[in-house]
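Below: the structure, in structure tokens.
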Amino acid sequence: MEHLLVNLFHELALKGENRPLFLKKAKAHVKRALKGLEARLEAQWPMALLFRLPQGAWPEAQERLSTTLGVETFAQVLRLPPDLKAIEAALAKALEGESFATFRVTAKRADKTFPLTSPELERRLGAFIQERTGAKVRLKGAEREFVVRILPGAALLEVARHPGPGGLPPGVSDKVVALLSGGIDSPVAAYRLMRRGAEVVLVHFHPFPLLSGASREKARAIAERLARFQHRVRLHLVPFSEVQRRIILEAPKAYRVVLYRRYMLRLAEAIAKEEGALALVTGDSLGQVASQTLENLYVVNQAATLPVFRPLIGLDKGEIVKEAQKIGTYPISILPDEECCTLFAPKHPVTRAELSVVLDTEARLPTEELLELALKDREVALFTWPGRKALEEGASRAFIMEHGPA
């Protein structure tokens, strides 16, 4: 059997009277991440969990915990008798084949009956390691750290430690609806809200049947990837071509994209009310494209009554791309598709939209009828991870295989 120690994100310890709720959510999220691996919880502390894993389950557990929000670090550990000789023997075996120039030892003694204090144990084990490796002790910035925990009846020795994503577990910050385009930015914006503990529901607007269904399949693939962080993601696929067709007939050409975005906010807000969500999320970055000037964002915002969060508003494209690569959505986002906002987009869109022009145009549109039509014909897909995937999984994987590797 193997043992796995999960250290929860240190921010959870700062939550005061709300800490029990945050820790309960975090622990449930970790257990859900390990579902199906036959992991058995053996011990728990306020900020850590100890699991016993079947032999060979460690690689899969490592992959899952690397994307489990609320986890700061996790480690493969050896469970030993609480005896100095046993710890030194396990250390000697762990050192075989290892090479490092600097190290430190961190001892945490929960069992005060152990004959050595934490500093004394650190010095003894440090001398043991130094004698066998010749490496130097460095308390800050050491190349290798050895952590030993002394518990009642057992000692735990970390063999390998890995970083988790940190953040807060899903659901501690209520629910939001994120507008998901086919681009690079919006998945990163959704992830940022997930990382702050919000349960994110995704909404994608597609031009099918006016154009192909590539946009829908790409949205499914992105939702499937984001499910690795939240473990359960609902995706609303909303047909938008009829709304666009009516806007094209009534609106000044330069105002088309601004009007598209106002109607998207209205539809997302209607879904948010159904879902019990308290805010909307977009991937806007100030000044990145014509529709994201401050004047245009102001005019677009007037269509919503819920708060609109824009977590990327002050980032440049390079920063957003770097984060998309980190979370694994970038290879999907750059695959070709046909987005709503680029459909019939003018060559020279307005950059300083006037609210009066927009309101005058919308007065000629059957807004309620268009919203009802789009919502009536939407699809809803559910993605879960790990375990059962959405029924659309096959379609999303087929899309990736056809257009490029993810």
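How charged is the neighbourhood of Thr102? Take every other residue with its Cβ under 12 Å from the Cβ of Thr102, and add Lys/Arg as +1 and Asp/Glu as -1.
Neighbourhood net charge equals +3.
Calculate, for Arg196 and Glu88, the FRET efficiency according to 1/(1 + (r/R0)^6) with r their C-beta to C-beta distance and R0 41 Å; round to the nearest 0.05.
0.40
Return the carbon/sulfur percentage of the accessible area of the chain, one whole number, probe 1.4 Å, all protein chains in place.
After summing per-atom areas, the C and S share lands at 53 percent.
What is the distance in Å between the Cα centres of region 240-261 and region 42-88?
After rounding, the separation between the Cα centres reads 55 Å.
Using all C-alpha to C-alpha distances in region 175-390, build P(r) with 5 Å bins and read off the rounded percent in each one.
Result returned by the calculation: 1, 7, 16, 20, 22, 18, 10, 4, 1, 0, 0.
Lys/Arg Cβ at +1, Asp/Glu Cβ at -1, dipole of region 176-253 taken about the Cα centre: which of Leu180, Val238, Ile222 is farthest positive-ward?
Ile222
To the nearest 0.05, how large is the calculated FRET efficiency for Ala101 and Thr351 if R₀ is 60 Å and r is the Cβ-Cβ distance?
On the way: r = 56 Å, r/R0 = 0.93.
Taking R0 as 60 Å, the efficiency between Ala101 and Thr351 is 0.60.
Test of understanding: express the Cα radius of gyration of region 90-165 as a ratio to 2.2 N^0.38 Å, with N the residue count.
Taking N as the residue count of region 90-165, the ratio is 1.11.
Out of Gly197, Gly97, Gly164, any idea which swings most in a Gaussian network model of the chain, alpha carbons joined below 10 Å?
The residue that fluctuates most here is Gly97.
If each DSSP helix of 4+ residues adds -39,500 (n - 2.57) and the sum is divided by the residues in the chain, what number results at 222 nm, nearest 500 deg cm²/dmol?
Calculated mean residue ellipticity at 222 nm is -12000 deg cm²/dmol.
Over all directions, how big on average is the projection of the convex hull of the alpha-carbon atoms in region 16-130, in square nanometres?
Details: hull surface 37.3 nm².
Its average projected convex-hull area is 9.3 nm².
Please list 258-269, 319-330 highest first by mean number of surrounding beta-carbon atoms within 10 Å per residue.
In decreasing order of mean packing, 258-269, 319-330 become 258-269, 319-330.
Tell me the net charge near Thr133. Cut-off is 12 Å between Cβ atoms, Thr133 excluded, with +1 for each Lys or Arg and -1 for each Asp or Glu.
-1
Dipole size in debye (nearest 20) for the chain around its Cα centre, Lys and Arg Cβ +1, Asp and Glu Cβ -1?
Computed about the Cα centre, the dipole is about 1140 debye.
Please give the Cα centre distance for region 306-336 versus region 165-232, rounded to the nearest Å.
Using only Cα atoms, the two centres lie 11 Å from each other.
Scan (1) 83, 43, 38; (2) 113, 52, 34; (3) 65, 42, 41 for the value of Cα extents along the principal axes in Å calculated from this model and give just the label.
Structure-derived value, by its label: (1).
Under a 10 Å cutoff between Cα atoms, tell me which one of Phe240, Phe146, Phe229 has the largest fluctuation in the Gaussian network model of the chain.
Maximum among the listed residues: Phe146.
Quick query: amide H of Arg196 versus all other amide H atoms, modeled in the peptide plane; which residues come in under 5 Å with a sequence gap of 5 or more or a different chain?
Leu168
The values are calculated or read from the model by the stated rules, or taken from the named source; none is laboratory data. Remember, it's a predicted structure, so these values are computed and weren't measured experimentally. Positions of Cβ are backbone-derived with ideal geometry, glycine not excepted, and every protein chain shown enters the neighbour counts. The accessibility values were calculated without ligands, DNA or RNA, using every heavy atom of the protein model including side chains. Shrake-Rupley method; radii C 1.70, N 1.55, O 1.52, S 1.80 Å.
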